[in-house]
Each structure stands twice: as structure tokens, then as C-alpha cells.
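Data first, discussion second: the structure below is written as C-alpha cells.
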């Protein structure tokens, strides 16, 4: 909207009685300063001192919701998350990633009986899942210039507990490790 108004100022400046070139010289530097200031302010508001999981080496913050029922909801934009899921039962959830990275360790949890669905979307980003070797994982993926693979040696055979991953990647990818 701001960019559109800026380009409309040229034809409207003579009607409104002000000098557009003077405003034009000020608008872009002020806009860039305001955008930078808003990014710094919004990033500092997302920081909170207590997390539900341990972080590797450096603290990284992004939007993530860990509910009490064992579900996750990660929204990562140009940032990164490294989480170890510590709830007793993992019930699935959703990971949305744009130009960022997500590393989720599920080796300290278990699956409920039946099918657990984890939906993942990534655009120019990567997702790495660490799961136990004995988990039965089914991958349903669609990728454009990317992909998702299971790097474990074997897939679990327990049909009563199954993790179904529905993944969509555009110029991004991911993998499952143990």
C-alpha cells in the first residue's frame, strides 16, 4: 500500500500543492529506517525467557506453540528453531517454514496408538526430524526443486503406532534421522 501511494504522489502532487521531489527524497530513507526499526521491535517481543525444550549451542527464537495436548505449531520465517520435544506423547501438528530451518528431535517421546499426522510446508527452507529407529513413518510428499527423505537404516514395523508426514516443499527439503 505504501509503495502504491508513493507512486501515486507524482500525479497528485501538483493537485495537492506540495513539492513531490522533496518528499520523494525523504520517503525511501525514512521507510527503510522504519521497516528496520519495526523488525527489531517485533523480533524482541517474540523473545521470552522460558522455553519447554533445550536448545543446542545458541538460543534461537521463532514462533512456536507447544500445547499441553502434545501438538506442535511452528511458523518459521527467515529464522531457525532447534527443539527437543519433551512431552510424553507426540500427537502431531504443523510446521511452516519460509527461508528458515527447523530441527525437531522426537527421540524422547512416544506416539499414541493409531495414526499421528505431522504436516510440513517449506519454501526455500529445511526441516530435519530426529525420530527413534523403531518408529513406523509414512511419508507423503510433493516437492518442486526439493525433496524429503528418510535417512534411517530401517523403518519400524509397528502398525499400531504410525507417524504420517505430509510434506510440501518448494526449493527446500528435509530429512528424517535417528
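Can you find even one residue in the range 158-169 that is surrounded by fewer than 17 Cβ atoms within 10 Å (Cβ to Cβ), modelled with pLDDT of 90 or more and either more than 19 Å from the chain's Cα centre (by Cα) or not assigned by TED's automatic domain parsing to the domain that holds residue 42 (or both)? Yes, some residue in the range 158-169 is surrounded by fewer than 17 Cβ atoms within 10 Å (Cβ to Cβ), modelled with pLDDT of 90 or more and either more than 19 Å from the chain's Cα centre (by Cα) or not assigned by TED's automatic domain parsing to the domain that holds residue 42 (or both). Exactly one residue out of 119, 60 is at pLDDT 90 or above, under 30 Å from residue 144 (Cβ atoms) and either in contact with a strand residue (DSSP E or B) (Cβ under 7 Å, 6 or more places away or on another chain) or in the same structural domain as residue 148 (by TED's automatic domain parsing) (or both), and it is 119. Residues in the range 77-96 that are crowded, with 18+ Cβ neighbours inside 10 Å, under 10 Å from the mean Cα position of the chain (by Cα) and either modelled with pLDDT of 90 or more or not assigned by TED's automatic domain parsing to the domain that holds residue 165 (or both): 95, 96. For the range 116-152, the tally of residues that are in a loop (DSSP other than H, G, I, E, B), surrounded by fewer than 17 Cβ atoms within 10 Å (Cβ to Cβ) and at negative phi stands at 4.
The values are calculated or read from the model by the stated rules, or taken from the named source; none is laboratory data. Just so it is clear, the model here is predicted, and its values are computed rather than measured. For neighbour counting, all protein chains shown are included, and Cβ atoms are generated from backbone atoms with ideal geometry for every residue, glycine included.
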